[in-house]
Amino acid sequence: MMESDVTKDGRFSYRQIFSYLADGQYPPGFSKADKLGLRKRAKFFEAKGSDLYYCGGGENVYTYIVLEIH
């Protein structure tokens, strides 16, 4: 995994999580450990259309994640 692919705290980017959930494919160059980490992190998110939501805050609690700012 390239250094620019993760956030400052070492987590996967929201863009990577969204792409994985939407397409079911891993970013190129991901190791087995990267793939496992992405799968684990993605469990807390849902992709609905072109939107990403964080749903790890409890039952029926969704937080909209902004992927692009113009």
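The values are calculated or read from the model by the stated rules, or taken from the named source; none is laboratory data. Because the structure is predicted, anything quoted here is derived from the model rather than measured. Heads up, the Cβs are rebuilt from the backbone with ideal geometry, glycines too, and the neighbour counts pull from every protein chain shown.
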* Asked: crowded, with 16+ Cβ neighbours inside 10 Å, in contact with a Cys (Cβ under 8 Å, 6 or more places away or on another chain) and under 16 Å from residue 67 (Cα atoms), is that true of residue 18?
  -> no
* **Tally, over the stretch 1-33, of residues that are charged (D, E, K, R), modelled with pLDDT of 90 or more and over 12 Å from the mean Cα position of the chain (by Cα)** => 1
* **Members of the stretch 24-68 that are closer than 16 Å to residue 11 by Cα, in contact with a strand residue (DSSP E or B) (Cβ under 7 Å, 6 or more places away or on another chain) and assigned to a loop (DSSP other than H, G, I, E, B)** => 44, 67
